[in-house]
Amino acid sequence: MQTDKFIGGATNSKETVLDLSVVIPLYNEKAALEELKNKLVEAINQLNLNYEVIFVDDGSSDGSCEILKKLHENDDHVKVIQFRKNHGKAAALAAGFERASGKVIVTMDADLQDDPNEIKNLLGKLNQGYDLVSGWKKRRYDPLSKRLPSKIFNCVVSWVSGIRLHDFNCGLKGYRCEVAKTIDLYGEFHRFTPVLAHWEGFRVTEIAVQHHPRKYGSSKYGLARFTHGFLDLITILFLLKFKKRPLHLFGIAGLLFFLGGIGISLYLTFERLFAQKYLSNRPLLFLGVLLIIIGIQFVSIGLLGEMITETQKSRQGISLKAEIGFD
């Protein structure tokens, strides 16, 4: 499959349209940057594509941006976005997606564990009609303390989301332009780009990719990332299924609590009137009252959510320090 004939999504004719944008978020990866750039250029030049490489420095403190500036001075394909502070991988990807000009956008990590030669395979799979191709680190060079929680996390996300992928969190992915411009990334939603794209109606698949041992530094993620990932999954499910109709979630739960409380109250009322049983020592009475109160509160929360959806959601802005190489 020839990748140099790839046709991407909608583009703005007033802007320079490239075949490929490579977006690389990074945080304190100074030692790997020059080697990564050289390997990228070597791999992309074999494909005969017009391209750009966008490094997004997520508030590094090790001098990474100084290396990136030198890389740009030596090669105008290299472009740099620098954050004043660390905002997280999702914010870095979102900034890269917003400024990318390619018909296809490929993302990868900056730690040299992702292989630039896999870009050709990602483009080939996109050419088969898919909109997002996710990498699958089938043979993974990470310690068991990372592999086991990751496997559990991927199984849960696959089951909940309905997308049968083996590796949602692989940094190596290929997107048609319209996918990257459509999905909304913030918080730590970078783990769920295949889920977000799938629920927007795009075709999603995966391919096995080469994974390398970490050569420089240490991982920036610990076991806490998987706890955050499961919490983010709950957030994703709520936002995508109930963002525009929160009363359907809270209202149903509130209605069930309320009806349960009413049912208990009616039963106790019948016993008091017809069976002459006193209620002062009946814990069931307090349960019935509690369920009614909880039900009313849930419905109220749902109504408040409905009103909030009518307003513009505000988010914390990203503080940019510099943009290098962009028109």
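Some points to look at:
- Filter pass, THR182 being without any contact (Cβ under 8 Å) to a residue 60 or more places away in the chain and under 27 Å from HIS87 (Cβ atoms): yes
- Residues that are modelled with pLDDT under 90 and touching a Leu at 6+ places or on another chain (Cβ under 9 Å) were ranked within the range 165-187; the one that is nearest to LEU126 (Cα to Cα) is ILE183.
- Looking across ALA43, ALA31, one residue alone is farther than 22 Å from LYS173 by Cβ, surrounded by fewer than 17 Cβ atoms within 10 Å (Cβ to Cβ) and hydrophobic (A, V, I, L, M, F, W, C). It is ALA31.
- On the stretch given as the range 223-276, residues that are at pLDDT 80 or above and of a type in the set (Ser, Thr, Tyr) total 3.
- Scan of the range 134-164 for residues that are of a type in the set (A, V, I, L, M, F, W, C) and closer than 22 Å to ASP232 by Cβ, ordered by number: TRP136, LEU148, ILE152, PHE153, CYS155, VAL156, VAL157, TRP159, VAL160, ILE163
Residues checked against (1) in contact (Cβ under 8 Å) with a residue 24 or more places away in the chain; (2) surrounded by fewer than 20 Cβ atoms within 10 Å (Cβ to Cβ); (3) within 19 Å of VAL23 (Cα to Cα):
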site	(1), (2), (3)
VAL157	yes, no, no
GLY162	yes, yes, no
GLY174	yes, no, yes
ARG191	yes, no, yes
ALA208	yes, yes, no
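- The range 22-36 residues that are in contact (Cβ under 8 Å) with a residue 12 or more places away in the chain, paired with ones that are assigned to a strand (DSSP E or B) and not β-branched (Val, Ile, Thr) (beta carbon under 7 Å, 6 or more apart): VAL22/TYR51; ILE24/PHE55; LEU26/PHE55; LEU26/ASP57
The values are calculated or read from the model by the stated rules, or taken from the named source; none is laboratory data. Treat the numbers as computed from the prediction; the structure is a model and nothing was measured. Cβ sites come from the backbone with ideal geometry, for glycine too, and all protein chains shown count toward neighbours.
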